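Everything on this sheet refers to the single structure shown next.
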Amino acid sequence: MIEQTTDVATASPLLRLVRPKQWVKNALVAAPLVFSGSFLHAEAVERALLAILLFTVASCAVYVLNDLIDAESDRCHPVKLLTRPIASGAVSVAQARLLLGTLWTVVAGSAFYDPRLAGALVLYILLNVAYSVRLKHVPVVDLFILASGFVLRVYGGAVAIRVHLSFWMFITTLCLALYLACGKRRQELVKSGAKSRAVLREYTAPLLDSYSSISEISAIVFYGLFVSTTRPELAITMPFVLFGLFRYRYLVEVRSEGENPTEVLWSDIPLMLCVLFWAATSVYVLLPR
């Protein structure tokens, strides 16, 4: 009985270590599947689902590595001290390293399935390793590294189903990701100062607000260009895009949320409904008539 209890107790921290709530980001891998109209083809759907699974494995590896590297600084953060399993001592360093090795093995094995997709996965991991080791301390560069993860997910989705990635989709994803990254850094700065992250000494709240505004406006403009030049039928989705960005900005500046963008999505019903309606409307209008 004691042995079973121990197993259950250790399962939960290990699951928290790979951050299941963050896996929703990997839904971006399916964006090319939807916008290319390939979602009615079984093979394309199968390849996209596998790509989502592989990016989930790769992102789990990144989270484990990040927590291993940041364990000491996480102990200085009022929230991460309690929620990060390695920092809190719920998961040992040896357990985390074993899990990390297993995840990396799965990613390496993807090269036998699709070398180009594996290349995107490896680049995603390498950028995040560089971020964890050094680039997270370089102002502005850290924002673009955070954003690159979203862009690589979309690129990986396009590679997986063998479709061309629209330049406008690429730049829209980059701007949206920068918007989220700036909001994240702003809330970290406001709530914790530079105690939990050294790079925050290089930022000010007004500077990050200006970065957010530039990214937000750019995302709207480039999404509009994507719609007008590539998928005119998606014009009906513009109100959802505008509402989603406005709602997120409200949550960041009025409710002081945004330090964890995924948590914001899971916790705010209007924002979640907006994303679901946008996705459902996009699929509906792209159905063949």
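The values are calculated or read from the model by the stated rules, or taken from the named source; none is laboratory data. Since the structure is predicted, the reported quantities are computational estimates derived from the model, not experimental observations. Positions of Cβ are generated from backbone atoms using ideal geometry, with glycine treated the same way; all protein chains shown enter the neighbour counts.
Can you spot a residue in the stretch 45-60 that is farther than 25 Å from Val122 by Cα and of a type in the set (S, T, N, Q)?
Taking the stretch 45-60 as the starting set, the residues that turn out to be farther than 25 Å from Val122 by Cα are none.
Within the stretch 45-60 (the criterion being farther than 25 Å from Val122 by Cα and of a type in the set (S, T, N, Q)), the answer is no, since none of the residues qualifies.
For the stretch 144-168, enumerate the residues that are of a type outside the set (Phe, Trp, Tyr) and within 15 Å of Ala27 (Cβ to Cβ). Even if it seems obvious, please write down each step before you answer.
At the first step, the residues of the stretch 144-168 found to be of a type outside the set (Phe, Trp, Tyr) are 145-149, 151-154, 156-166.
Residues satisfying the conditions are Gly149, Val151, Leu152, Arg153, Val154, Gly156, Gly157, Ala158, Ala160, Ile161.
Within the stretch 256-289, can you find the residues that are under 17 Å from the mean Cα position of the chain (by Cα), without any contact (Cβ under 8 Å) to a residue 60 or more places away in the chain and farther than 16 Å from Ile236 by Cβ?
Val264, Ser267, Leu271, Met272
Arg134 fails exactly one of the following numbered conditions: (1) without any contact (Cβ under 8 Å) to a residue 60 or more places away in the chain; (2) more than 29 Å from Leu165 (Cβ to Cβ). What is the number of that condition?
(2)
Would you call Leu251 of a type in the set (A, V, I, L, M) and buried (at least 16 other Cβ atoms within 10 Å of the Cβ)? Steps first, answer last, please.
On the way: of a type in the set (A, V, I, L, M): yes; buried (at least 16 other Cβ atoms within 10 Å of the Cβ): yes.
In short, yes.
Which of the residues spanning the stretch 126-150 are surrounded by fewer than 21 Cβ atoms within 10 Å (Cβ to Cβ), under 18 Å from the mean Cα position of the chain (by Cα) and among the aliphatic types (A, V, I, L, M)?
Answer for the stretch 126-150, where residues must be surrounded by fewer than 21 Cβ atoms within 10 Å (Cβ to Cβ), under 18 Å from the mean Cα position of the chain (by Cα) and among the aliphatic types (A, V, I, L, M): Leu126, Leu127, Val129, Ala130, Leu135, Val140, Val141, Ile145.
The rows are residues; the columns are (1) modelled with pLDDT under 90; (2) touching a helix residue (DSSP H, G or I) at 6+ places or on another chain (Cβ under 7 Å); (3) on the phi < 0 side of the Ramachandran plot; (4) not assigned by TED's automatic domain parsing to the domain that holds Lys136.
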{"residue": "Cys182", "(1), (2), (3), (4)": "no, yes, yes, yes"}
{"residue": "Lys195", "(1), (2), (3), (4)": "yes, no, yes, yes"}
{"residue": "Ser212", "(1), (2), (3), (4)": "no, yes, yes, yes"}
{"residue": "Ser228", "(1), (2), (3), (4)": "no, no, yes, yes"}
{"residue": "Leu234", "(1), (2), (3), (4)": "no, yes, yes, yes"}
{"residue": "Glu257", "(1), (2), (3), (4)": "yes, yes, yes, yes"}
{"residue": "Val285", "(1), (2), (3), (4)": "no, yes, yes, yes"}
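Check whether at least one residue in the stretch 50-59 is of a type outside the set (A, V, I, L, M), at negative phi and surrounded by fewer than 16 Cβ atoms within 10 Å (Cβ to Cβ), and report yes or no. So that I can check it myself, show each step before the final result.
Quick first cut of the stretch 50-59, residues of a type outside the set (A, V, I, L, M) only: 55-56, 59.
Next cut, at negative phi only: 55-56, 59.
The next check asks that each one be surrounded by fewer than 16 Cβ atoms within 10 Å (Cβ to Cβ); those that pass are none.
No, that holds for no residue.
Do you know which residues across the stretch 169-211 are of a type in the set (Phe, Trp, Tyr) and under 18 Å from Ala27 (Cβ atoms)?
Here is the first cut: in the stretch 169-211, the ones of a type in the set (Phe, Trp, Tyr) are 170, 179, 203, 211.
Passing the criteria: Phe170, Tyr179.
Return yes when Arg197 is surrounded by 17 or more Cβ atoms within 10 Å (Cβ to Cβ) and farther than 25 Å from Phe35 by Cα and no when it is not. Show your work before the answer.
Details: surrounded by 17 or more Cβ atoms within 10 Å (Cβ to Cβ): yes; farther than 25 Å from Phe35 by Cα: yes.
Yes: the conditions hold for Arg197.
Please determine whether any residue of the stretch 139-147 is in contact with a Ser or Thr (Cβ under 8 Å, 6 or more places away or on another chain) and assigned to a helix (DSSP H, G or I). Talk me through it step by step, then tell me what you get.
Step one: list which residues in the stretch 139-147 are in contact with a Ser or Thr (Cβ under 8 Å, 6 or more places away or on another chain), which gives none.
Looking for residues that are in contact with a Ser or Thr (Cβ under 8 Å, 6 or more places away or on another chain) and assigned to a helix (DSSP H, G or I), one finds none in the stretch 139-147, hence no.
Of all residues in the stretch 245-255, which are under 30 Å from Pro232 (Cα atoms) and within 19 Å of the chain's Cα centre (by Cα)?
Leu245, Arg247, Tyr248, Arg249 - these are the residues of the stretch 245-255 that are under 30 Å from Pro232 (Cα atoms) and within 19 Å of the chain's Cα centre (by Cα).
Of the residues in the stretch 195-249, how many are touching a Gly at 6+ places or on another chain (Cβ under 8 Å) and free of Cβ contacts under 8 Å to residues at least 24 places away in the same chain?
Adding up the residues that qualify gives 2.
With (1) of a type in the set (Lys, Arg); (2) surrounded by fewer than 20 Cβ atoms within 10 Å (Cβ to Cβ); (3) modelled with pLDDT of 95 or more as the list, and Arg153 as the residue in question, which single condition is left unmet?
With (1) of a type in the set (Lys, Arg); (2) surrounded by fewer than 20 Cβ atoms within 10 Å (Cβ to Cβ); (3) modelled with pLDDT of 95 or more applied to Arg153, the lone miss is (2).
From the residues in the stretch 85-109 that are at pLDDT 80 or above and outside any helix (DSSP H, G or I), which one is farthest from Arg16 (Cα to Cα)?
For the stretch 85-109, the residue satisfying everything is Ser92.
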